[in-house]
1. Pick out, from B:Met209, B:Gln189, B:Phe173, the residue whose Cα sits farthest towards the positive end of the charge dipole of segment B:165-224, with +1 on the Cβ of Lys and Arg and -1 on the Cβ of Asp and Glu.
2. Can you compute the modelled spin-label distance between A:His53 and A:Leu195, with each label point 7 Å from Cα toward Cβ, in nm?
3. Give me the number: length gained by fully extending A:Arg177 to A:Asp216, i.e. 0.36 nm times residue separation minus the C-alpha to C-alpha distance, one decimal in nm.
4. Nearest 10 degrees is fine. How inclined is helix A:37-50 to the longest principal axis of chain A, computing both from alpha carbons?
5. How much net charge surrounds A:Ala211 when only other residues with a Cβ under 15 Å from its Cβ are counted (Lys, Arg +1; Asp, Glu -1)?
6. Trypsin sites (Lys or Arg not before Pro) within segment A:174-229: which are DSSP loop residues with at most 12 other Cβ atoms inside 10 Å?
7. Positive end of the dipole of the protein assembly as shown, charges at C-beta (+1 Lys, Arg; -1 Asp, Glu), about the Cα centre: which of A:Val55, A:Ala196, A:Ser34 has its Cα farthest in that direction?
8. Rounded to the nearest 500, what is chain B's calculated 222 nm mean residue ellipticity when only DSSP H runs of at least 4 contribute -39500 (n - 2.57) each, over all residues?
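A short reminder: the numbers here are calculations on the coordinates, not readings from a lab. Small disclaimer: the values here were computed from a predicted structure and weren't measured. Here the Cβ is made from the backbone with ideal geometry for all residues, glycine too, and neighbour counts use every protein chain on show.
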Amino acid sequence: MLLKQPLEFYSEPLAGVDRAELQGKLIVIEGPDSVGRSTQVARLRTWLEHQGHAVLDTGLARGALAGKGISQAKEGNTLGPITMTLFYATDFADRLENEIVPALRAGFVVLTDRYIFSLMARAIARGEDRAWIERVASFAVVPHAIYYLRAEVRDLVSRVVLGRGAFDHWESGMDMRFGADMHDSFVKYQSRVILALDRMAKRYNFVVIDATKTPDQIFRELQRSIGKLF
Amino acid sequence: MPLLLPNRHRGKLIVVEGIDGSGKSTQLSLLSQWLRAQCLAVAFSEWNSSPLVRETTKRGKKKNMFTPVTFSLIHATDFADRLERYIVPLVKAGAVVCADRYAYTAFARDVVRGVSRRWVRNLYRFALRPNLAFYFRVPLEVAIGRILGGRNAIKFYEAGMDMGLSRNVEESFRIFQGRILDEYEAMIQELGFHVIDATGSIEEQQQQMRDIVTRELGDSLRNGVLRAGRGDLDAAQAAPRIL
């Protein structure tokens, strides 16, 4: 089983990190926008804490160093695709080194709402080179488990419309103008993101979960699988 | 996959590299004036100057939040922003873009900070390959003399104080810049630097640069690169935008 082995890096070990010290569990929830990740992360956190585990939850662009800069950059209209990818990579590295690794050292369960995979999928969807971004992100720690909540783009569209009720500029990839309007651009951009994630599934050992099931069903599936990690 | 993308555009990209105090900025500024005087469209770009990233870099430096990886990535973000928004569009339009430091600065500095050579070279693979890269070679002591003579204080990251090389700022600066110098020296062949002896007089160095530019880019500067017509002369001589 995975759980007895020390965590590994994909290929570029971080300076000053001894893998043997990382005693916690690193669990990743991945999936496209609006697929229902955050709902599951919140429930898992409560459940894990009831079980007596200390939990750190984290997610893209929440870091102390670059989080604010990214949201400011997204308010303007000049953020280029490579710049955006690298800004997110900066934030990821900051959270990895300053939040995730210290929490793993302290024996926490780290529950992360997305990891390098969304970052890479967004870059690939924007036409950037797959090998380039994979190597850039290769200092990441290999998680104990990666759950990919998978849905078709039509499911995402109905979730957006029934939920928030409006399309988001960045979730629609409007910086790249994939389509004539936000709906068309959303469909095209998110299809490319899903395709990129699908292609990573095997290579990175994703556990694929059908996100069209009810939230309760998905939660139980996650519980069963995560339970085996301890 | 080649290191850096070949420039297939009308415009040209000229970059200068070297340790702090090598005099490269002075030389690039003289060179760009000379090019502008020939009515060429000249633009200028400086390392670490993107307004999009400035606040983040400032926050990180003020609170000493950087690690070798985040330090490297934030500078690559800064570089990408300048490249995507400014350098590439201008080179496509036919301008001569003069860059004070380029990806090579990261190849030297970030490696000294502890990221791998391979990783940082891949990181900048989206960059446009310069038509000319000048490396200003200077002995460490000469550079340090210039820096200490001209400024009040060496900054924390400039001195590599984040690496714990020495508690003394000047000593740390000396070790750090010495290692960067070694990295630059090792890159000369790999990256095809034109080496300028930066201990020579300012005039000698400038003459060498101009000779190399004429020899290497002469034809395309005469036709190909965007130049100002008579009516545009004032515009061409107005102060250039710096980003």
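1. It is B:Phe173.
2. 3.5
3. Taking A:Arg177 through A:Asp216 to full extension adds about 10.4 nm, to one decimal.
4. So the inclination is approximately 20 degrees.
5. Around A:Ala211, the charge tally is -1.
6. Passing both the DSSP loop test and the Cβ count: A:Lys202, A:Arg203, A:Lys228.
7. A:Ser34
8. Value at 222 nm, helices only, nearest 500: -16000 deg cm²/dmol.
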